[in-house]
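Nothing in this text is a laboratory measurement; each read-out follows from the coordinates by a stated rule. Every value quoted in this text rests on a predicted model; they were computed, and no experiment measured them. Neighbour counts are summed over all protein chains in view; Cβ atoms, including those assigned to glycine, are modelled from backbone coordinates with ideal geometry.
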């Protein structure tokens, strides 16, 4: 509770965002709980910074979704990328810059050089995905399912959330483990499951705010020319089969992994469970979502999903 109290107090002290409606919705969300409940071995001081980062991350999501100029989105994304790579750089015209620089400097202070590089590499994917998503949104188009999945890997911001877990714990995963394709698959599955939880809960909000062109359910509905109910059922199946694979790969890696890797794998599972609970209780979404858990039902098809951009995940099973 103390972590969340300090993170929300910090957000209240910030000058941005200026819109009082957006600001109040952000503060009511309790975004910092996404961090504080997923890393039981995390250092308190680091988790507090992570909680602040979650508030700011949602502020950025709202800001980018409210833009109507692709040029503005590209300029902001490039500026933020430069700010994370060089937090001491003198930049202007970047949204929420003082808050962003504070978070980056704190994370770089805590992280090893390797951990910070891993984090910023994932965040770079988010900045690259923003104009790509906006191009669909401005044109009123919905990407095909395979493109949507690739885009969602970057756009959700969950990839950097997953990468930050080892920073909170203070233990660096050895490169020979971190760089293995099987762990890359685990990180990608965790990223998409976290992003899809948000899709399941935010479909009404996306429609209200003008987003939703990259929501998993919307993409399935458009591609299959199906009803919303049929698309939702397929989305749950995709979730369950991905979750099943995550459990299998996590067990496979943990069997002979270092303690750092085992802690990271456990935190990924906790992060997903926590995200489900957080969305269910969050007034930011305030809607009944699809029923998903981290315990897939029995009898699932164990074969790869027919989504080319992620079917390689199943090849990592031994």
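The table below gives the values:
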read-out	value
Rounded FRET efficiency, nearest 0.05, which uses the C-beta distance separating residue 45 from residue 82 and R0 of 30 Å	0.65
Dimensionless Rg ratio for the chain, taking C-alpha atoms and the 2.2 N^0.38 Å reference	0.95
Helical mean residue ellipticity (222 nm; -39500 (n - 2.57) per DSSP H run of 4+; nearest 500) of the chain	-22000 deg cm²/dmol
Cα gyration tensor, the range 77-157 - rounded (a/c under 1.5), prolate or oblate	oblate
Potential extension, residue 24-residue 259 segment - 0.36 nm per residue separation minus Cα distance	80.5 nm
The chain, relative contact order [Cα under 8 Å, separation at least 6], %	20 percent
Cα→Cβ-extended label distance, 7 Å offset, between residue 281 and residue 141, nm	4.2 nm
At R0 = 22 Å, FRET efficiency that the Cβ-Cβ distance of residue 295 and residue 230 yields, to 0.05	0.40
